[in-house]
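Some notes on the structure that comes next.
The values are calculated or read from the model by the stated rules, or taken from the named source; none is laboratory data. The shown structure was predicted, so the numbers you read here are calculated from the model rather than taken from an experiment. Note that each Cβ is placed from the backbone with ideal geometry, even for glycine, and that neighbours are counted across all protein chains shown. SASA here: full protein model, heavy atoms, side chains in, ligands and nucleic acids out. Shrake-Rupley method; radii C 1.70, N 1.55, O 1.52, S 1.80 Å.
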Amino acid sequence: MHSDRAPLALKIAAAFGLLFMHVPILLIFVYAFTTEDKSYQWPPPGYTLKWFGVTWGRADVWEALSLSLRVAAISTVIALILGTLCAAAVARTRFFGRETISLLVILPIALPGIITGISLRSAFNLADIPFSFWTIVLGHATFCVVVVYNNAVARFRRTSGSLVEASMDLGANAFQTFRYVILPNISTALLAGGMLAFALSFDEVIVTTFTAGQQQTLPIWMLEELVRPRQRPVTNVVAMIVVLVTFLPILGAFYLTRGTDTVAGQGK
Amino acid sequence: MTTAVAFRKVSRHYGPVRAVDAVDLDVAEGEFFAMLGPSGSGKTTCLRLIAGFEKPTSGQIEIFGQPSADVPPYRRPVNTVFQDYALFPHLNVRDNVAYGLMIAGMARTERHRKAEEALELVALPGYADRKPSALSGGQRQRVALARALVNQPKVLLLDEPLGALDLKLREAMQVELKSLQRQLGITFVFVTHDQGEALSMADRVAVFNDGRIQQVGTPQDIYDRPRTPFVADFVGSSNVLEPAMVQRLTGRAVHASLRPEAVRLQNEGLAARVTGQSFLGAVTRLTLDVDGQSLSMMLGKGHSIPRTGDLVHIGWDDDALHLMDPSDG
Amino acid sequence: MAEAALHTAPTLAGRASDLLWRRQGLLILLLILPPALWLGIIYLGSLFALLAQSFFSIDEFSGLINYEFTLSTYAELFRPSNLDIIIRTVVMASAVTIAAAIIGFPVAYYAARYARGRWKALFYLGVMLPLWSSYLVKVYSWKLILAKEGIVSWLFETLGLTWLLEAYLSLPILGGNSLSVSWTGTFLVFLYVWIPFMILPIQAALERVPVSMLEASGDLGANPGQTFRHVLLPLALPGVVAGSIFTFSLTLGDYIIPQIVGTSARMIGQAVYQFQGTAGNIPLAAAFAVVPILIMGVYLYVARRMGAFNAL
């Protein structure tokens, strides 16, 4: 244990674990270029760029992508507001029911998605709310709050409480203190939380299957293709693009919070 | 003389804990006032009550005669130097110092000029563009001081501002702070747990224990004439003599304090058993046992040092024994 | 004097700020109210509405919900076919959790103890990226891998081991027509999709073990194996338990993975989905949904007693 060299067996085991996590995703990239369009044949009989063009011309893919982006954007904004408010209240003060509030925020993620989904669906039915863009947003915002909350609460705790006092001491009222001290200090955490919330919403499928009517988000579109494959190569290309698109906010969030607080994994 | 800060029966309770308990206090304008006490004695809470970060559970605090109950921190004519300095990490040194002026609506060039002046005052010119994270502890402390002083507060509150510095730096800053206060004429209220710091810098000292003020007075007063056994013990490392022993010596059953340096070895007098000795450089401290009462004394160079277990005789001048009569009030 | 301006008549913002300072409870109330209302009404409201329905029953002839309190819906859970679903799901969740701990531990251990600087960041991203990658894409990738004509079959063929794969597929329960319609396939996909959730808490727990503690153990005569067993493993256990909360809970509630890769036998998630959807039996679906909640309730209680929440 004194040496800083890892035993060989540990190195191999760790490498195996990482390979297990990454090879399947990389395979998707190969399949996006295959010429085979009827089966999942490996190795691919040939390579082509043709399917990118085909996918580009598919109106249903564009519609699904646009819906997903709009839902994710609005859910993220709502989650940012609610998550920040909640984190500010919980991190700064002790009040009755504080624990309950943190539990309430985490619950939509801690319980299986199918339970959140069915609950919302039956509530919409009971209240005679027709399924729409907004019912999807309602569900997404609910489970995105926790990601923003986790990031913001960690930063609030790290931001020394005396900074707020110092600001007030120097003549700034509550709003000025928020504008000039609190916001600049939590902004990167909020940006990171927002990016993760966006990625979470963009990718969500389980709750969405219950809260969407006829509308198709991109994951719902993919689910349809998985259950009843129609044009496999298009699915391959879409899968690859989804991987690339979700990596960007994750990498961004990582660099924003690097060395400060960790991007909480339980946010998902 | 005008009273800068006045406490009128001020208490601050947290549930059953009485952090500050019925404190009465007057700090005069232009005075360097120290609040001294162990951690948890209520001194920092008193400072926070003046700044407005805490509200009294009962009683009233007046700042220059104005009741402060409904005045939020940002409208009080006081500024604070925080224990952890609380410099804004996202602003450079210049903008940290100019923060109060910016909030007050001063134009950018004007407030930057004032900030540079304040940095010169604390002997830190040329650092304006750095971020606080690029400064040493002593430099941060100076920035925190400049940031508070630039607003020309009527009262400057300092919460253990030298606590995080090493010994050498701390001694240098003590001298500087003292001369700065003389130069500016601002009322300083200084919180510390270091009795040496309080005695060497302050015009007057309030000794706190368990949320109450034990004694207020000049450093000389506090050192020579402690009013309670706690003050004698905490401030001067004085010997505190139990009432039973004081009765035998003087006929009055009260506590008394006796400074170790006032005790002498004599050929005859009070018999004492040596229980230990520690070498302190210029002097050696002996600990003694007199009929179950433990005493310490200082022995200068040139004396032969008795060994543990030896029987010695001790004495002192009559006026060295200070009786702590509770009725002296 | 700089602060003189502050004593003049305050602006509206200033007056609002004064009010918040004087009544600090008001500030907290204003902060907490929007999220509490949203989560309390939209989320908890829906959840209770669902749970309430589990105490109703469905009229077998009309197919309409009978709004009278009854426990008969819960009794239905104990029918052999439904009990099978529950047991199958719990066994799967346990198997996935154990396997994730075994494969995930070395990765977490290496990242926490040996990876430094650039490698550490790389390891972190190496776990975060799969964690946050699209769930459906991850499932889809395994549909490609496990397909009859896919890379696994090709690998066995290239190595001349096709007979081995066929022997495995002919095993009862574990095997099937091909890997993509076998329990082994379902298990592999679950394991793959949830394993990052196991690694991160273990890594967090391991990183809190000070090196000096391991050195002390060595100093007291323990060899590295003993140090691992008697010092490191007990200290990492809360992390493993925390990770297992995720892997277990996520497997219990999932209905998409077994639908895409696996046999026709259902798991709890699928049962809930079908009862509320095609079968229109909301009360039974609700009662089924209570099962994972109950199991996780017990699980969380035990985990909490083992100190797992500190590792989250």
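Counting only the heavy atoms of the protein chains, how much of A:I106 is accessible to a 1.4 Å probe, in Å² to the nearest 10?
Roughly 70 Å² of A:I106 is accessible to a 1.4 Å probe.
Taking a ≥ b ≥ c as the square roots of the Cα gyration tensor eigenvalues, with a/c under 1.5 meaning rounded and otherwise prolate when a/b beats b/c, else oblate, which class fits the stretch A:57-256?
It comes out prolate by the Cα gyration axes.
State log₁₀ I(q)/I(0) for chain B at q = 0.09, 0.13, 0.15 Å⁻¹ as given by the Debye formula over alpha-carbon point scatterers of equal weight, solvent excluded.
Debye curve over Cα of chain B, log10 I(q)/I(0) at q = 0.09, 0.13, 0.15 Å⁻¹: -0.58, -0.99, -1.17.
Give me the distance in nm between label points sitting 7 Å out from Cα along the Cα-to-Cβ direction at B:D221 and C:R79, one decimal.
9.0 nm
Short version: which residues of the stretch C:200-240 lose at least 30 Å² of accessible area, all chains versus chain alone, 1.4 Å probe?
C:E215, C:P224
Specify which residue in the list B:V246, B:I103, B:S68 is farthest towards the positive end of the charge dipole of chain B, using unit charges on the beta carbon of Lys, Arg (+1) and Asp, Glu (-1), about the Cα centre.
It is B:I103, whose Cα lies furthest towards the positive end.
With the dipole of the protein assembly as shown worked out from charges on the C-beta (+1 for Lys and Arg, -1 for Asp and Glu) around the Cα centre, which of A:W62, A:S160, C:Q270 lies farthest toward the positive end?
A:W62
Answer rounded, prolate or oblate for the protein assembly as shown, using the Cα gyration tensor with square roots of eigenvalues a ≥ b ≥ c: rounded when a/c is under 1.5, else prolate when a/b is larger than b/c, else oblate.
In terms of gyration-tensor shape, prolate.
Probe radius 1.4 Å, ligands and nucleic acids ignored: give me the carbon and sulfur share of the accessible area of chain C as a rounded percent.
69 percent
Given an 8 Å cut-off on Cα distances and at least 6 residues of separation, report the relative contact order of chain A as a percent.
Relative contact order of chain A: 30 percent.
Using Cα-Cα distances under 8 Å and only pairs 6 or more residues apart, what relative contact order does the stretch B:193-322 have, in percent?
This gives 19 percent for the stretch B:193-322.
How many nm separate the modelled label positions at B:A320 and C:L294, each set 7 Å beyond the Cα in the direction of the Cβ?
8.3 nm
Taking the Cβ-Cβ separation of C:L37 and C:T11 as r and a Förster radius of 35 Å, what is the calculated FRET efficiency to the nearest 0.05?
Between C:L37 and C:T11 the formula returns 0.75.
Which part of the stretch A:219-236 falls in the paramagnetic zone of A:V54, meaning amide N under 14 Å from the point 7 Å along Cα-to-beta-carbon?
A:229-236
List the chymotrypsin sites (Phe, Trp or Tyr not before Pro) within the stretch C:69-158 that DSSP assigns to loop and that have no more than 12 neighbouring Cβ atoms inside 10 Å.
C:F69, C:F78
Under a 10 Å cutoff between Cα atoms, tell me which one of A:V227, A:V148, A:V238 has the largest fluctuation in the Gaussian network model of chain A.
Of A:V227, A:V148, A:V238, the Gaussian network model singles out A:V227 as fluctuating most.
Roughly how many Å² is the accessible area per residue of the protein assembly as shown, as a whole number, for a 1.4 Å probe?
Dividing the accessible area of the protein assembly as shown by its residue count gives 44 Å².
Classify chain C as rounded, prolate or oblate from the Cα gyration tensor: take a ≥ b ≥ c as the square roots of its eigenvalues, call it rounded if a/c is under 1.5, otherwise prolate when a/b beats b/c and oblate if not.
It comes out oblate by the Cα gyration axes.
Tell me: how much accessible area in total is hidden between C and A, 1.4 Å probe, Å², nearest 100?
Buried area between the two chains comes out at roughly 8300 Å².
Given a 1.4 Å probe and every protein chain left where it sits, what share in percent of the accessible area of chain A is carbon and sulfur?
Here carbon and sulfur together make up 66 percent of the probe-accessible area.
Hey, in the GNM for chain B with a 10 angstrom Cα cutoff, which one of B:F188, B:F230, B:F32 fluctuates hardest?
Result: B:F230 has the largest fluctuation of those listed.
Can you pull out the trypsin sites (Lys or Arg not before Pro) in the stretch A:24-65 whose DSSP state is coil and whose Cβ has at most 10 other Cβ atoms within 10 Å?
The qualifying sites are A:K38.
Give the distance, in whole Å, between the Cα centre of the stretch A:182-234 and the Cα centre of the stretch C:17-41.
If we compute the Cα centre of each part, the gap is 31 Å.
With a 1.4 Å probe and every protein chain left in place, tell me how much accessible area B:D166 has, in Å² to the nearest 10.
Per-residue accessible area (B:D166): approximately 100 Å².
On the full set of protein chains, 1.4 Å probe, figure out the accessible area of C:W21 and give it in Å² to the nearest 10.
Roughly 20 Å² of C:W21 is accessible to a 1.4 Å probe.
Based on DSSP loop calls and a cut-off of at most 12 other Cβ atoms within 10 Å, the longest stretch of chain C free of exposed GluC sites (Glu not before Pro) is what?
C:69-312
In the protein assembly as shown, if the dipole is taken from +1 on Lys/Arg beta carbons and -1 on Asp/Glu beta carbons about the Cα centre, which of A:F16, B:V283, A:L244 is farthest to the positive end?
A:L244
What size of dipole, in debye to the nearest 20, comes out for the stretch A:57-256 about its Cα centre when the only charges are +1 on Lys and Arg C-beta atoms and -1 on Asp and Glu C-beta atoms?
Around 260 debye, computed over the stretch A:57-256.
For peptide A:203-212, how many partner chain Cβ atoms fall within 10 Å of a residue's Cβ, on average?
Averaged over the peptide's residues, the number is 3.
Roughly how many Å is it from the Cα centre of the stretch A:1-42 to that of the stretch B:1-63, as a whole number?
One Cα centre to the other: 65 Å.
Fully extended, how many nm does the chain gain between C:R304 and C:L29 (0.36 nm per residue separation, minus their Cα-Cα distance)?
Difference between extended and current length: 96.0 nm.
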